[in-house]
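One structure below.
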Amino acid sequence: MAGNSQRRNRRTSNKKGMQVGSGGQRRRGLEGRGPTPPAEDRKKHKKNRMATAKAKQAASRRPAPRRGGVKGTSEMVVGRNPVFEALRDGVPATTLYVQQYIDNDERVREALQLAGERGNINLMEAPRPELDRMTNGLNHQGLVLQVPPYEYADPQDLTAAAYDNGEDPLIVALDGVTDPRNLGAIVRSVSAFGGHGVVVPERRAAGMTAGAWKSSAGTAARTPVSRVTNLTRALEAYKKEGIAIVGLAADGEHTVEDLEALGGPVVVVIGSEGKGLGRLVGETCDYRVRISMPGGAESLNAGVAAGIVMYEVARRRA
């Protein structure tokens, strides 16, 4: 019996099992594969190659600029002439406070007209005691202009803007420049000669006040200023990007005319008129240059010196 059972099992195992028909395979072959993917996602398509190349290029680029640096503090411009000049010169403002029952002279009328033409300045009437309190007793003459905090750029915004335009960075850093009018004049020179911004330290240095804005003659609206806690570290970060750090010094080893590094990516560092560059900042510089002065003057105003160096850089790049 066992032998017969084994023979039956062998015969059964040699039989062919059920074969799957081809109908199901044909049906699957006729099924759709979904919507046609866009050209950018199809390999070997021209648009796919272009998109891939663009993605690789974007990945190899420097990080995007970080918007919204530190902010300064709000400021009050007081007095009829200062308020009029600030409005005339385009200093940003949020509110013009006018004393109740003020004598409506020509300066007051002109200030009100300029504020009205801007369209984005609030006009507020206030009693004299309130204006005295707001200005800590300063002689406001019935007019007070509130200037909003200046929003400083991040230091990397300045180089990112240059790279985005396919240009070598050109930046001016200030070490110990305390006069806002000098800062404004330097911003004006940087704008005039195609620079990408100005860097100032937080301590013992001028910031973007209404006075600096006025001296910039409106160029502060398009030339960013960055404020850093440590100027030396900011300069070292720029060096790591391959940017030459050139310090302006009366006893510099090079002259502005013969330094080839001014033709490439560069940060020009300018110190105060009296003390010049600080020790650590001076040691961070790759080069120290001087401005030839046949007339024998010992030093130049920081704004004038910046204009001379910026002109030489622009001449080399032309």
Put +1 on the Cβ of each Lys and Arg and -1 on the Cβ of each Asp and Glu in the range 179-318; which of ALA305, VAL200, VAL269 then has its Cα farthest toward the positive end of the dipole?
-> VAL200
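For the range 111-184, which whole-number percentage of the solvent-accessible area (1.4 Å probe, protein heavy atoms only) is attributable to carbon and sulfur atoms?
On the way: 1600 of 3580 Å².
The value for the range 111-184 is 45 percent carbon and sulfur by accessible area.
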How would you classify the range 64-220 from its alpha-carbon gyration tensor, with a ≥ b ≥ c the square roots of the eigenvalues: rounded for a/c under 1.5, else prolate if a/b is greater than b/c, otherwise oblate?
-> prolate
Over the alpha-carbon set of the range 130-223, work out the extent along each principal axis and list the three values in angstrom, largest first.
-> 52, 23, 20
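Can you give the charge dipole size of the range 173-315 about its Cα centre, rounded to the nearest 20 debye, using +1 on the beta carbon of Lys and Arg and -1 on the beta carbon of Asp and Glu? Let's see the in-between values first.
Working: 15 positive and 15 negative charges, 133 e Å.
Using Cβ point charges on Lys, Arg, Asp and Glu, the range 173-315 gives about 640 debye.
Under the 0.36 nm per residue contour assumption, what length would be gained going from the current alpha-carbon distance of TYR311 and GLU167 to full extension? Don't jump to the answer; show the numbers that get you there.
Values: separation 144, 0.36 × 144 = 51.84 nm, distance 1.67 nm.
Stretched fully, the TYR311-GLU167 segment lengthens by 50.2 nm.
How large is the accessible surface per residue of the range 111-196, computed with a 1.4 Å probe and reported in Å² as a whole number?
Numbers: 4020 Å² over 86 residues.
Computed with neighbouring chains in place, this is 47 Å² per residue.
Which percent of the accessible area of the range 215-318 is formed by carbon and sulfur heavy atoms (probe 1.4 angstrom)? Each step should come with its number before you reach the end.
On the way: 2540 of 5050 Å².
C and S fraction of accessible area: 50 percent.
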Computed over the range 186-283, the relative contact order (Cα-Cα under 8 Å, seq sep at least six) in percent reads 24
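From the mean inverse distance of alpha carbon pairs (Kirkwood) and the Cα radius of gyration, derive Rg over Rh for the range 170-233.
Details: Rg = 10.5 Å, Rh = 11.3 Å.
Answer for the range 170-233: 0.93.
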The range 255-318: relative contact order as a whole-number percent, Cα under 8 Å and 6+ apart | 52
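The values are calculated or read from the model by the stated rules, or taken from the named source; none is laboratory data. None of the values given here were measured: they were computed from a predicted structure. FYI the Cβ positions are ideal-geometry reconstructions off the backbone, even for glycines, and counts take in every protein chain you see. Quick note on the areas: whole protein, heavy atoms, side chains included, nothing else; ligands and nucleic acids left out. Shrake-Rupley method; radii C 1.70, N 1.55, O 1.52, S 1.80 Å.
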